[in-house]
C-alpha cells in the first residue's frame, strides 16, 4: 500500500472523544456542539510532488484547500479557521502531521492518518487528549 491510497474523497462516519478534545484545545461550547454533529469531508489529490487537500463540512459549500509538499512547512487553519503552521511527513503508509497555532498555547497538535480495510482512520492528539475519527471512501 502506498500514500496514493489516500487519493479520493472521504466522508467522516464517526468521531470518538471529540467533546473532551474540544475542551482541551479551548473550542467554545457553541462550536463544540455544532462540530460534534457535523460530518467532515476530505478530498486528497496529487499534482507531481505537491499534495492537495480539500477540507469541508458536508452540506456546506466552499471548504478550505491546502497545498503541501511532504516534509515542508505550510500555512493551514484549525477547525475554527484560525491560522496554523503545519508539517506533514510520510511514515510508511501513514501521514504524520504536526500543527502549531497560537490558540494551542505553545502545544502542538499531532495527527496520524492511515488506511485500513478501505477506511481512513485519523487519530488527533493535543495536550494529552486524543480523538479518533473514521472516514468512508466516497469515490
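For residue 121, state whether it is more than 14 Å from residue 4 (Cα to Cα), surrounded by fewer than 17 Cβ atoms within 10 Å (Cβ to Cβ) and without any contact (Cβ under 8 Å) to a residue 40 or more places away in the chain. Explain how you work it out, then say what you get.
Working: more than 14 Å from residue 4 (Cα to Cα): yes; surrounded by fewer than 17 Cβ atoms within 10 Å (Cβ to Cβ): yes; without any contact (Cβ under 8 Å) to a residue 40 or more places away in the chain: yes.
In short, yes.
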Sole residue being touching a helix residue (DSSP H, G or I) at 6+ places or on another chain (Cβ under 7 Å) and either without any contact (Cβ under 8 Å) to a residue 40 or more places away in the chain or exposed (fewer than 13 other Cβ atoms within 10 Å of the Cβ) (or both), chosen from 45, 86, 82, 76
82
Tell me the residue from 34, 10 that is farther than 15 Å from residue 126 by Cβ and surrounded by 15 or more Cβ atoms within 10 Å (Cβ to Cβ), please.
10
Can you pull out the residues in the stretch 18-38 that are part of a loop (DSSP other than H, G, I, E, B), closer than 18 Å to residue 111 by Cα and either in contact with a strand residue (DSSP E or B) (Cβ under 6 Å, 6 or more places away or on another chain) or touching a residue at least 60 places away in the same chain (Cβ under 8 Å) (or both)?
26
Among the candidates 45, 86, residue that is in a strand (DSSP E or B), farther than 23 Å from residue 119 by Cα and modelled with pLDDT of 90 or more
86
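The values are calculated or read from the model by the stated rules, or taken from the named source; none is laboratory data. The structure presented is a predicted model; accordingly, all values stated were derived computationally and were not measured. Neighbour counts are summed over all protein chains in view; Cβ atoms, including those assigned to glycine, are modelled from backbone coordinates with ideal geometry.
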